[in-house]
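A short worksheet on the structure shown next.
Nothing in this text is a laboratory measurement; each read-out follows from the coordinates by a stated rule. Computed from a predicted structure; not experimentally measured. Counting neighbours? That spans all protein chains shown, and the Cβs are built from the backbone with ideal geometry, glycine included.
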Amino acid sequence: MTAARISLTLLAALLAATASAADVPRRKSGLWEVRTQMAGMPSQGPMQMCVDQASDNLMQERAKEKTNCPVMDVSRAAGKVTIHSVCKFDATTATTDAVITGDFDSNYRNDMQIRYNPPQHGMSEMKMMQEARWLGPCKPGQKPGDIMMPGMPPVNAGNMQEMMKDPRVREMMKRQQQGRQ
């Protein structure tokens, strides 16, 4: 498991939880393929997420528990959600601007820019683009919240926080951050 893949998974979960439950359209239940590209990082290939209403709600609720966001502006128009947030994480303030377009039944796209002040682990800005498409029902054996990435066993969004406590995962993320500096 590479730190970049873990980071992409966490970012996908964060994206799903960026805005309040009432403001973001819900994805159609089933299997979604999500392609993520972060500026300055190689693509890790598509990941798949098995979702339903409850798993989308759970990711949003868990993210809200861990964030301190004094600014959260969400506006909706036909086929478009615009998000501007300012959140505090430890000693860093993250200002996020995102535009999500699509119908959330068959596809969506997210363009996001996050600025960190002061820089977080030597990074002052991150740009990310996600494209997602609905593939159909989840595969046999998959359960809502499961995230499948190439070359990795499935991870469930419900136990993501437990995975982050694993010393091996923490060490991989530390090495990735040191490589950027």
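What's the extension gain from ASP97 to GLU125 if we count 0.36 nm per residue and subtract their Cα-Cα distance?
Contour length minus Cα-Cα distance gives 8.9 nm.
Starting from the 7 Å offset along Cα-to-Cβ, what nm value, one decimal, do you get for the label separation of ASN68 and ARG115?
So the two model labels end up 2.1 nm from each other.
For SER106, project a label point 7 Å along Cα to C-beta. Then give me every residue of the range 76-92 with its amide nitrogen under 18 Å of that point.
78-80
Take the cross-link list LYS80/LYS143; LYS28/LYS143; LYS80/LYS139 and give me the ones stretching past 18 Å between alpha-carbons.
From the list (LYS80/LYS143; LYS28/LYS143; LYS80/LYS139), the Cα-Cα distance tops 18 Å for LYS80/LYS143; LYS80/LYS139.
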